[in-house]
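Each reported figure results from applying straightforward, stated rules to the coordinates on display, with no laboratory input. Computed from a predicted model, the values in this text were never measured in an experiment. Don't worry about glycine lacking a Cβ; one is built from the backbone with ideal geometry, like all the others, and counts go over all protein chains shown.
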Amino acid sequence: MKPTPNTLDLNKLATELVDKSRDFYFAGLGAFAVAQEEGNKMFDMFAEKGKEVADYMQALQRRTMNLDEEAQDLMKEGEAYADKLIDKGESLQEEALAEIKKWMDDLQVQATKWQKEATKLILNPVEKMISPVQDVVTDALTRFGVPTSGEVRTLNAQVTELTQKVDQLTALLAAKEVPAPKKTAKTAKIEDVNVEVVA
């Protein structure tokens, strides 16, 4: 039998298919071999990189621990320094308060001196002016017969004493049923006078 164009194509196709399958097989084996080689290389590379990362992490951990210790040392130093500052501040506060108290005391003493001096400056001229005026007023009142406050006090004491004696006599007379004496003009004037003390 003579091959027909269709048969030829099938044989050729089968041959090509077998050849291509073989090429794919060899390519797969080659890829596997390359992957195995590259895989080993990549595994070694990953292992190396992993060691580098582990070393870096350990160094970082050591550095972190050192930084933590340094931070604790700094905190202790800071606390000690803060305590010193607090002590110094309290000392300065006490000194400042003592200084302020001394200044206030000095100021109060000075103010008292100024007040006394001002009082003298004001009162001395006033007293010098009042004394002659009082003398003139007293002389004028004496000339007109106006009693002084001392004379009025004496007069009031005498009136009070006299009133008490009159009350005693009235009580005695009432007890004896003796008619009371008639009031004289002099007795009436003393009882009717109501004198106030002018200070």
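Per-residue 3J(HN,Hα) values for region 138-145, derived from phi via the Karplus relation 6.51 cos²θ - 1.76 cosθ + 1.60 with θ = phi - 60°, read 4, 4, 5, 5, 5, 4, 7, x Hz in sequence order (x marks Gly and Pro).
Inter-label distance, GLU117 to PHE46: 10.0 nm, where each label sits 7 Å from its Cα along the C-beta direction. Here the label points at SER21 and ASN156, each 7 Å from Cα along the C-beta direction, are separated by 15.4 nm in the simple model. Length gained on full extension, MET57 to ALA33, computed as 0.36 nm times the residue gap minus the Cα-Cα distance: 5.1 nm.
Between ILE86 and ALA140, residue separation times 0.36 nm minus the direct Cα-Cα distance comes to 11.7 nm.
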